[in-house]
1. Which three extents, in whole angstrom, do the alpha-carbon atoms of the stretch 3-203 cover along their principal axes, largest first?
2. Just to be sure I understand: if I project the alpha-carbon convex hull of the stretch 55-140 onto a plane and average over all orientations, what area do I get in nm²?
3. Mind ranking 108-114, 20-26, 164-170 by how tightly packed they are, going by the mean number of other C-beta atoms within 10 angstrom, highest first?
4. Please find the FRET efficiency linking Arg160 to Leu62, where r is the Cβ-Cβ separation and R0 is fixed at 25 Å, and quote it to the nearest 0.05.
5. Over the stretch 3-203, what is the mean sequence separation of C-alpha contacts under 8 Å (at least six apart), divided by residue count, expressed as relative contact order in percent?
6. Which of the peptides 28-36, 60-68 is most tightly packed, and how do the rest follow, going by the mean number of other Cβ atoms within 10 Å of each residue?
7. Over the Cα atoms of the stretch 117-177, each weighted equally, I'd like the Debye log10 I(q)/I(0) at q = 0.25, 0.27 Å⁻¹, rounded to two decimals.
Amino acid sequence: MSVRHTIRAMYHMEQSWLSRVGQFTDMIEEFLIAFFMGAMTLLTFANVVMRYLFNDNILWALEGTVFMFAWMVLVGASFGVKRHFHIGVDVLINIAPQGLRKLYALVAVACCLVFSIMLLVGSWQYWYPFISERAWYETDDIPMPDALQFLADWLNEGERYEKLPRFIPYAALPIGMGLLTFRFMQIAWKIVTGQLDRMIAGHEAEEDLEALKAELSEASEAMMPNTQGKEK
């Protein structure tokens, strides 16, 4: 086998591996976002019903909603990078020669990678004590499900948790920042391999608006003969 074929085979193997990892992270992100959005909506609705119909409330509803919203935002940040939902300024890229666009994109993604890695390290340093020497630290109101009481044997010296330990909701920090870092690594790889020339989708809103204008123009032109026929 020639060197060229060997390199090509290695490239396709790496692409396949990255594709599988990407599909797995897609599944995690979409599941977590959908789950927490649905759970947050149901919990808020149930609390409103309890308050206005039964003059009672779910004690842990507010705290639970805050934590679920935090999970949704932190995981959604990486999902937004993957889908190019984040706002970006592409003026320099659009006016730059084709040869420099890749360089600008690499500089931008390198800055984002440095930033996300700093956030990942900081979030890990903040979260790790809650799963080690502060594993006993509980939330204020959220009850601990019986299905998770096995964590007490592992992390709390066998002492039963009354409330949800904080390391569970706080895990959104390292998980969210880990996914965000992975997404920036994906974009960096696509830029290096020539699949992208920028981090953000260029002028998507303008392109969609132009397409909508074209559709409306075609629709109005199609209606014109019918209108003229009725007038005659």
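Each reported figure results from applying straightforward, stated rules to the coordinates on display, with no laboratory input. Note that the structure is a prediction, hence the values are computed from the model and not measured. Virtual Cβ from ideal backbone geometry, glycine too; neighbours counted across all protein chains shown.
1. Here the Cα extents, ordered largest to smallest, are 66, 41, 27 Å.
2. 8.9
3. Peptide ranking by packing, descending: 164-170, 108-114, 20-26.
4. The calculated FRET efficiency here is 0.55.
5. Reported as a whole number, the value is 27 percent.
6. Descending mean neighbour count gives 60-68, 28-36.
7. The calculated log intensity ratios at q = 0.25, 0.27 Å⁻¹ are -0.99, -1.08.
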